[in-house]
1. Can you tell me which residue among D68, D58 is more than 19 Å from G303 (Cβ to Cβ), in contact (Cβ under 8 Å) with a residue 60 or more places away in the chain and either in contact with a helix residue (DSSP H, G or I) (Cβ under 8 Å, 6 or more places away or on another chain) or among the acidic types (D, E) (or both)?
2. Filter the range 28-39 down to the residues that are buried (at least 17 other Cβ atoms within 10 Å of the Cβ), within 13 Å of N3 (Cα to Cα) and out of contact with any Phe, Trp or Tyr (no Cβ under 6 Å at 6 or more places or on another chain) and list them by number.
3. From the list G271, G279, G256, pick out the single residue that is of a type outside the set (A, V, I, L, M) and touching a helix residue (DSSP H, G or I) at 6+ places or on another chain (Cβ under 7 Å).
4. Restricting to the range 130-155, name every residue that is farther than 20 Å from R321 by Cβ and either at pLDDT 95 or above or among the basic types (K, R) (or both).
5. How many of the residues in the range 19-50 are under 22 Å from the mean Cα position of the chain (by Cα) and at positive phi?
6. Filtering the range 154-193 down to residues that are more than 26 Å from L132 (Cβ to Cβ) and β-branched (V, I, T), which residue is surrounded by the most Cβ atoms within 10 Å (Cβ to Cβ)?
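The values are calculated or read from the model by the stated rules, or taken from the named source; none is laboratory data. A quick note: this is a predicted structure, and the numbers were derived from the prediction, not measured. All Cβ positions, glycine included, derive from the backbone under ideal geometry; neighbour counts span all protein chains shown.
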Amino acid sequence: MGNYTITVLPGDGIGPEVTEQALHVLQTIAAQHGHTITTRTALVGVAAIEAEGVAISDATMELCQQSDAILFGAVGALPSSYSDKTQVKPESALFRLRKGLQFFANLRPVRPFKELLNASSIKPEVLQGTDLVVVRELMGGLYYGHLEPPVLGKPSAIRQTANGEEAIDTLLYTDAEIERIVRVAFDIARGRRKKVTSVDKVNVLSSSVLWHRVADRVAADYPDVTFEHLLVDACAMHLIRRPASFDVIVTENLFGDILTDEASMLAGSMGMLPSASLGTKRTAHGLFGLYEPIHGSAPDIAGQNKANPIAAILSVAMLLRYSLGLAQEADAVEQAVEQVIAAGYRTEDLREEGKRVVGTQEMGQLIAARLAYSQVS
């Protein structure tokens, strides 16, 4: 039995809908095991810009820092009415959270449920046995590069020249940044099938040359773990051709962003994949982290009870495991999700002949009910 504090940032679009169901499941499992979870909700993204003029306020950042973990929904694009009135981007909230709270490691597990193998565009026989984790570096690379001297005070810029416009982005990594993320990957692999694939573009990019070199150095400290390098374009191909051959993939920010969206199709939908963003800070219970589904705000289906809440619910399972130290409760949530899928329930994104399509709220209620049933039985 424990007392925990979670900051909830529902965000925009379908974010509030899927977060509501994730919280329902979280409170259900907490009550079953005698835990008390206090949640504090704050604005982020478009909602924060409209109310406070910024994508995330200083007060919200402080609230996050005082919590055991953060549950995040999604942030979306500004309405067209804002296009000429503000330079604030909703997505900047995530960048500030990652940088300000030092979340350098993003974990994205990909394990297709056997009942959903037909939901993927990949042949079931190719998907069989797929169980991988992508470890993505979150605080470096093109998303956080530096220009010396800075252009317009930004790490990227579009500027006017005598010959027209030019655009600049900067890809910067230090050996220390590379080493710490690669070590995370190896540590995770030791608890799994003991294989790490480091993904880079060493044949073109100087940053990848350094990445390659540092990864080799770190690998020498883990002789019990099989290690390989793979070019990012080859990795993109092999994720489709032989996904079951991967265990832990570690890569830089941009590559990880793209590869994990590709990998979501192995699971049948982006609505199935959770993620955890972690740093080195520890609370009394575990690692301080931010947990979110990998999908976006999906404004086209917002408010229609169509969104798949499973990625958000599985993010709660990761929160229980990594930040609250409640592995048994995390296992129970994951098993409840699997049992509901096995019982034939699907959300719209996973529509399948002969299966029952349910809405966002119904799916969350089914999973929470399965937890309650398991407790009784």
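1. Criteria check complete, one pass: D68.
2. Step one: of the range 28-39, the residues buried (at least 17 other Cβ atoms within 10 Å of the Cβ) are 28-30, 35, 37.
Still in the list and also within 13 Å of N3 (Cα to Cα): 30, 35, 37.
Those that are buried (at least 17 other Cβ atoms within 10 Å of the Cβ), within 13 Å of N3 (Cα to Cα) and out of contact with any Phe, Trp or Tyr (no Cβ under 6 Å at 6 or more places or on another chain): A30, H35.
3. Just one listed residue meets the conditions, G271.
4. Correct list: T130, E137, K154.
5. Result for the range 19-50: 1.
6. T170
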